[in-house]
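The values are calculated or read from the model by the stated rules, or taken from the named source; none is laboratory data. Source: prediction; values computed, not measured. Positions of Cβ are generated from backbone atoms using ideal geometry, with glycine treated the same way; all protein chains shown enter the neighbour counts. Ligands, DNA and RNA are excluded from the accessible area calculation, which covers all protein heavy atoms including side chains. Shrake-Rupley method; radii C 1.70, N 1.55, O 1.52, S 1.80 Å.
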Amino acid sequence: MGYPEYSAQNDHGSAAGRRKLSDLVARLSPCVVTWESEHTGGSSSKSHSDEQDRRFDTVLSGLEAQGWRASEPPVETPLSDGAFLLATFEKQEWTLHARRASTPTWKRSTLMVTEDDCFGRVTEEERALVEAPDAVR
């Protein structure tokens, strides 16, 4: 349930860079709670996709009642072949990032709650590892 696992298969960086990234992921994992749902399929599995949307929307609609403040309210952006939704909520020392991306045959919904103090200690070098792991050589 912690920080999303680092996938070395997409990394073209050095062994030292991959090790630093792996160490960072291990350090951040206790500071993160994640939920992800991915759906693939055509119209025959539309009910599963609709249920995924309903669960995601239920979470977002209930956050303010639980004391979360929308620092970036949900905005859905239409794309040429789908849509992208992004929202950010804050509560005490935590930040919740909500994302949903979809195409006609694929949909992924993600919620990630991070402890602000923990992520505030990430250095610029470590931030670069997360943002562009293949740039570390």
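One table, with the values for the structure above:
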| quantity | calculated |
| --- | --- |
| Strands (runs of 3 or more DSSP E) contained in the stretch 64-104 and holding at least 3 residues surrounded by 15 or more Cβ atoms within 10 Å (Cβ to Cβ) | 82-91, 94-103 |
| Unmet criterion (only one of (1) surrounded by 12 or more Cβ atoms within 10 Å (Cβ to Cβ); (2) under 30 Å from ARG18 (Cβ atoms); (3) at pLDDT 85 or above) for VAL136 | (3) |
| Qualifying residue in the stretch 24-37 (condition: small (Gly, Ala, Ser) and closer than 23 Å to ALA128 by Cα) | yes |
| Residue within the stretch 38-56 that is among the hydrophobic types (A, V, I, L, M, F, W, C), in contact with a strand residue (DSSP E or B) (Cβ under 8 Å, 6 or more places away or on another chain) and open to solvent by less than 80 Å² (accessible area, probe 1.4 Å) present | yes |
